[in-house]
Amino acid sequence: TGEGDKLLVSADRNPNVRGALVTGLIAKLPAAKLTDLAAAIDAGKIKAVVSVGEDLAAAGLSAAQLAKVAIVYLGTHANATSAAAKVVFPTLTVFEKNGAFVNQQFRIQKFLKAVPSPVGAADDLAVLSRLAGAVGAGAVPADLGGVWTALANEVAALRTVTFANLPETGLLLDATPFAGLPFVEGETLHYKPAAPAATA
């Protein structure tokens, strides 16, 4: 978390946390620090970590903990995690690819590629698909169309949604299932947190 500006900058520094909730990737808000992962590394339970754009050091892992595991890093910028990684895949920034976010209002909005990518940078989806195949995880979509087909098949809230039919203004999703979560953001220009439930 960080400090919001009460306009557009959110106090939640986790990108697309609501997207992770809607898709079922997570069921609760992520911890500020990766203490469970750190403990599992210290206990020798984890030998390898795939980090997608996350600086594990900034998220609470020590240099000693990073040295205990084989790290595969996918990201756009050099950091302590990429320096400690056994393998680094340079990937595309949000400006170099198409995709979608779910904002504070639970409005899913698409974004489009704005600039060409540098030579040598790879699409995250293609890299993740190949990594999943290499470890026997089965078929994982390698492109945006495949991801949206999988989402429509697996996520009830996105059953009728495709990337192509998302309006430019986005699509407001039902936030009711997540109403009880303690989101860290305060009020901003386009977001007003739900009032806490009254207690008797």
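The values are calculated or read from the model by the stated rules, or taken from the named source; none is laboratory data. Just so you know, these numbers come straight off a predicted model, no measurement behind them. All Cβ positions, even for glycine, are placed from backbone atoms using ideal geometry, and neighbour counts span all protein chains on display.
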Residue match in the stretch 100-114 (condition: at positive phi and either in contact with an Asp or Glu (Cβ under 9 Å, 6 or more places away or on another chain) or modelled with pLDDT under 95 (or both)): yes
The stretch 64-95: number of residues that are assigned to a loop (DSSP other than H, G, I, E, B) and either in contact (Cβ under 8 Å) with a residue 12 or more places away in the chain or surrounded by 20 or more Cβ atoms within 10 Å (Cβ to Cβ) (or both): 8
Test: residue in the stretch 76-91 that is hydrophobic (A, V, I, L, M, F, W, C) and within 24 Å of residue 166 (Cβ to Cβ): no
Top-ranked residue of the stretch 35-46 - restricted to ones that are part of a loop (DSSP other than H, G, I, E, B) and touching a helix residue (DSSP H, G or I) at 6+ places or on another chain (Cβ under 9 Å), ranked as surrounded by the most Cβ atoms within 10 Å (Cβ to Cβ): 46
Residue within the stretch 26-48 that is in contact with a strand residue (DSSP E or B) (Cβ under 9 Å, 6 or more places away or on another chain) and closer than 30 Å to residue 171 by Cα present: no
Options 28, 45: the member that is over 14 Å from the mean Cα position of the chain (by Cα) and of a type in the set (Lys, Arg): 45
All positions within the stretch 47-57 that are more than 30 Å from residue 114 (Cα to Cα) and assigned to a strand (DSSP E or B): 48, 49
Failed item, numbered, when residue 60 is tested on (1) part of a helix (DSSP H, G or I); (2) in contact with a Leu (Cβ under 8 Å, 6 or more places away or on another chain); (3) more than 21 Å from residue 135 (Cβ to Cβ): (1)
Restricting the stretch 101-146 to residues that are touching a residue at least 24 places away in the same chain (Cβ under 8 Å) and part of a strand (DSSP E or B), the residue that is farthest from the chain's Cα centre (by Cα): 122
The stretch 23-45 residues that are closer than 21 Å to residue 182 by Cβ, paired with ones that are among the polar types (S, T, N, Q) (beta carbon under 9 Å, 6 or more apart): 29/14; 30/14; 32/1
